[in-house]
Amino acid sequence: MQWKAKVEVTLKKAVLDPQGAAVEKSLQALGYDGVSQVRVGKYIELNLEADDRKEAAARVEDMSRRLLSNPVIEDYSYVLQEAGL
Amino acid sequence: MKFGVIVFPGSNCDLDSYHLVRDVLKKEVEYIHYTEKRVGRRDVIILPGGFTYGDYLRSGAIARFSPVMNAVAEFADKGGLVLGICNGFQVLTEAGLLPGALCRNHHLQFRCEQVFVRVDNNSLPFTLSASLGKVLEMPVAHGDGSYYAPPELLEELKANDQIVFRYTDQNGDVTPQANPNGSLENIAGVCNRAGNVVGLMPHPERAGEKVLGSRHGLIIFKSIISYLTGREVVRNV
């Protein structure tokens, strides 16, 4: 069965995000008042083969921990859906 | 005494490291391709600078799963000397062979300039020829060099004397101005708990000849050579 995983990788709160800070400054310069806490992360989308949702989730967890994120500085989250939906 | 220089796709300081060891230090050196499953008989493995796999995802994130990295881990585990320079440092942190992580420079700029670093641990095979507090001038060239370690890890690094190099001014004072990338506590290089794996962002291999503006990088290689001289334990992994 084909699944689609949408993985988001974000810097941990304690880690400085200079890209987020630069984007925030730029948004403020464009006149968007009241914008704060801008954080820039990564979005990774992939299809995978798995018998059921549980197996698909376990594989996405594993790849997120080993490669897609660096647990020292980043957190990850994901959504899983049946591919083609 | 045998040096090995790993060549990943996108390494570019492999040539500099090879040149320094062969032509300046007059020691035996060979390239080791990233697809190799063994590192062979070596005393020192250098992970060079560059932009492995285009720095996609994170610097070093993909290179650390190269076939050769299992052999490097095994070599390190047996006490072999491993030196990670710039991107090589990033690969070693990604691989978990060194603590912490290298993040985007805090000013978002790529920095290519001469810096000063201070030797804060001179009891390692990589630094034993330097006096404690010795200030070395070397170039940096990176966009992702901001060293980060969570608070509890930082305490551990201090307790175990794992902070090897700090960015300082030329007098050896740790100042914000001397920090080229926003590294935590001006950390420029660290070692593993056992002290046989060291990584640093500056390039000692590009500071080994007068024509390059500084010869201070030699002290790291000369330390390695004096450490190994007389105790040539050739490891075979």
- Message: Suppose we compare each residue of the stretch A:49-80 in its chain alone and in the full protein complex with a 1.4 Å probe; which ones drop by at least 40 Å² of accessible area?
- Response: A:66, A:67, A:70, A:72, A:73
- What quantity of accessible surface, computed with a 1.4 Å probe and excluding non-protein components, is buried in total between chains A and B, in Å² to the nearest 100? 1300
- Message: Can you tally the lysine pairs in chain B where the Cα-Cα distance is under 20 Å and the two residues are eight or more apart, or on different chains?
- Response: 14
- Query: What's the angle, to the nearest 10 degrees (0 to 90), between helix A:18-29's Cα axis and the longest principal axis of chain A?
  - Reply: 50
- Item | For chain A: lysine pairs under 23 Å (alpha-carbon distance), excluding those fewer than 8 apart on one chain | 9
- Please tell me the relative contact order of chain B in percent, rounded to the nearest whole number, where contacts are Cα pairs under 8 Å and at least six residues apart. 22
- Please sort by residue number the GluC sites (Glu not before Pro) in the stretch B:146-237 whose DSSP state is loop and whose Cβ has at most 14 other Cβ atoms within 10 Å. B:232
- Item | Per residue value of the accessible surface for the stretch B:2-236 (all protein chains in place, 1.4 Å probe), Å² | 40
- The percentage of the accessible area of chain A (probe 1.4 Å, all protein chains present) made up of carbon and sulfur atoms, to the nearest whole number, is 53
- Item | Order by protection proxy (mean Cβ within 10 Å, highest first), peptides B:29-38, A:40-49, A:66-75 | A:66-75, B:29-38, A:40-49
- Task: Starting from the amide H of residue B:40, placed 1.01 Å from N in the peptide plane, find each other amide H under 5 Å away whose residue is 5 or more places distant or on another chain.
- Result: B:237
- Where the stretch A:2-82 is the region considered: accessible area per residue in Å², 1.4 Å probe: 63
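The values are calculated or read from the model by the stated rules, or taken from the named source; none is laboratory data. What you see is a predicted model; the values in this text were computed from it and never measured. Heads up, the Cβs are rebuilt from the backbone with ideal geometry, glycines too, and the neighbour counts pull from every protein chain shown. Side chains included, ligands, DNA and RNA excluded: accessible areas come from the protein's heavy atoms. Shrake-Rupley method; radii C 1.70, N 1.55, O 1.52, S 1.80 Å.
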